[in-house]
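Let me begin by presenting the structure, written as structure tokens, before commenting on it.
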Amino acid sequence: MTEDLLADWTALLTRCGAAVDPGPYGRELLRRWSEPQRRYHGVDHLRAVLRHVDALAGHAGDADTVRLAAWFHDAVYRPDRTENEERSAALAHRALTAAGLPAERVAEVERLVLLTVTHAPAPGDRDGEVLCDADLAVLGGAPEAYAAYAAAVREEYGFVPEPDFRAGRAAVLRALLALPLLFRTPDARTRFEEPARANLTAELAAL
């Protein structure tokens, strides 16, 4: 089921100048992405983000660095913790440094992973825009796909009582809807902005 992803990872790390066999690193990442606590933030999410990065690659300054960041952006994921992105960035630093990638590229991957805390890249940060848009593309899916995403997120937070979850989720949805733009790249904005706002509004109304 993940052999295609492992092959893509191996090719990516090789292109980026790895000095070691990429295979063990890729298998460890896929093990992390397959952990049982993940209902949405799993292998299917990784695959979808990578697919969207590919679709938006023409906007990126360095698409392969964005792909590396996509591999690591939720590599550490515990729904009961708030520092997942920071831990994921630290993991990227350790793994990519050990793999022999240049320090400048490693630092950029860390920076991009940390951008997924806020999904608010600075104007002109083309690589950040691509990664954030790829990560948020699920918001602009068909209504049934969005409903499946929302249900999977609820499963991940199954330990949270329903009233508390509803309050927290509503705050997240209102914050997203308050943003001037959810998507920064022209292609993603054209494709996802309007349906994403409709999906978010419908979920908020149903809470």
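Screening Ala120 on (1) in contact with a helix residue (DSSP H, G or I) (Cβ under 6 Å, 6 or more places away or on another chain); (2) modelled with pLDDT under 95 shows it passes everything except condition (1).
Please indicate, with yes or no, whether at least one residue in the stretch 149-157 is closer than 25 Å to Met1 by Cβ, in a loop (DSSP other than H, G, I, E, B), open to solvent by 40 Å² or more (accessible area, probe 1.4 Å) and among the aliphatic types (A, V, I, L, M).
Just the residues of the stretch 149-157 that are closer than 25 Å to Met1 by Cβ, to begin with: 149-156.
With in a loop (DSSP other than H, G, I, E, B) added as a condition, the list becomes none.
The answer is no; no qualifying residue exists.
Return the residue satisfying two criteria in turn: it lies in the stretch 35-53 and is of a type outside the set (Val, Ile, Thr) and not in a loop (DSSP other than H, G, I, E, B), and of such residues it is nearest to Thr190 (Cα to Cα). Outline the logic, then answer.
Filtering the stretch 35-53 down to residues of a type outside the set (Val, Ile, Thr) leaves 35-42, 44-48, 50-52.
Subsequent filtering for residues that are not in a loop (DSSP other than H, G, I, E, B) retains 44-48, 50-52.
Numbers: Asp44: 24, His45: 22, Leu46: 23, Arg47: 22, Ala48: 18, Leu50: 19, Arg51: 17, His52: 14 Å.
The qualifying residue nearest to Thr190 (Cα to Cα) is His52.
Taking Leu56 as the residue in question, decide whether it is out of contact with any His (no Cβ under 9 Å at 6 or more places or on another chain), part of a helix (DSSP H, G or I), within 24 Å of Leu200 (Cα to Cα) and open to solvent by 10 Å² or more (accessible area, probe 1.4 Å). Criteria met by Leu56.
Restricting Thr10, Thr65, Thr97 to residues that are touching a residue at least 40 places away in the same chain (Cβ under 8 Å) and either open to solvent by less than 70 Å² (accessible area, probe 1.4 Å) or assigned to a helix (DSSP H, G or I) (or both) narrows the list to Thr65. Scanning the stretch 111-142 for residues that are farther than 20 Å from Arg47 by Cα and either in contact (Cβ under 8 Å) with a residue 60 or more places away in the chain or in a helix (DSSP H, G or I) (or both) returns Arg111, Pro121, Arg126.
The values are calculated or read from the model by the stated rules, or taken from the named source; none is laboratory data. All of these numbers come straight from a predicted model, not from anything done at the bench. Neighbour counts run over all protein chains shown; Cβ positions are idealised from the backbone, glycine included. Accessible surface areas use protein heavy atoms only, side chains included; no ligands, DNA or RNA. Shrake-Rupley method; radii C 1.70, N 1.55, O 1.52, S 1.80 Å.
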